[in-house]
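To start, the structure under review is shown below, and the notes come after it.
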Amino acid sequence: MKRRKVGIFLYDYVDILDFSGSAEVLSLTSSSKPEQLLTLYKKELLPTRPFHVFTITENELPIKTHSGIKIESDYRIDNHPELDILIIPGGPLRAVQSKKFKNG
C-alpha cells in the first residue's frame, strides 16, 4: 500500500483541535491489528503506517492558534513535499477577517 503524504495547512488563529485531532488519527492509523498494537506501545511510530502527516505554514514564522499557543510547522508553503491530501482546518471568524487574508 502506498504511503499517503498528508499536509495540514496552519494559519494564525487556527483552532488546535481542528488540526491536532486529524493529525493524531491519521498518524496512528495502521494497516493491521498487530501493527496497531505496536503503534500504540512503541516509542516511535512505525514507518509502515499508511499516512505521513506534516504541517505547512505560509512562511517560517510560528503561527499563533486561536487560544494563543505558538506552533512551529514542519514546512513552508514553498518547500513542502508533494501532497496526496491537503487538510485546511477550521478557525474562528477572526482568522478569515485578519489583515493577512484580506490583503492576500
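Looking only at residues that are out of contact with any Gly (no Cβ under 8 Å at 6 or more places or on another chain) and within 22 Å of Lys5 (Cβ to Cβ) in the range 82-95, which one is least open to solvent (accessible area, probe 1.4 Å)?
Pro89
Among the residues making up the range 57-67, those that are open to solvent by less than 40 Å² (accessible area, probe 1.4 Å) and either more than 19 Å from Glu24 (Cα to Cα) or modelled with pLDDT under 95 (or both) are Ile63, Thr65. List the pairs whose first member sits in the range 28-42 and is over 17 Å from Arg4 (Cβ atoms), whose second member is in a helix (DSSP H, G or I), and whose Cβ atoms are under 6 Å apart, counting only residues at least 6 apart or on separate chains? No pair meets every condition. Looking across the range 21-52 at every residue that is in contact with a strand residue (DSSP E or B) (Cβ under 9 Å, 6 or more places away or on another chain) and either small (Gly, Ala, Ser) or open to solvent by less than 50 Å² (accessible area, probe 1.4 Å) (or both), the one that is farthest from Pro89 (Cα to Cα) is identified as Pro50. Taken over the range 61-75, residues that are of a type in the set (Lys, Arg) and either touching a residue at least 24 places away in the same chain (Cβ under 8 Å) or closer than 24 Å to Lys2 by Cα (or both) amount to 1.
The values are calculated or read from the model by the stated rules, or taken from the named source; none is laboratory data. Here the structure is a predicted model, which is why all the values come from computation and not from measurement. Backbone-built Cβ (ideal geometry, glycine too); neighbour counts: all protein chains shown. Heads up: the accessible areas ignore ligands, DNA and RNA and are worked out on the full protein's heavy atoms, side chains in. Shrake-Rupley method; radii C 1.70, N 1.55, O 1.52, S 1.80 Å.
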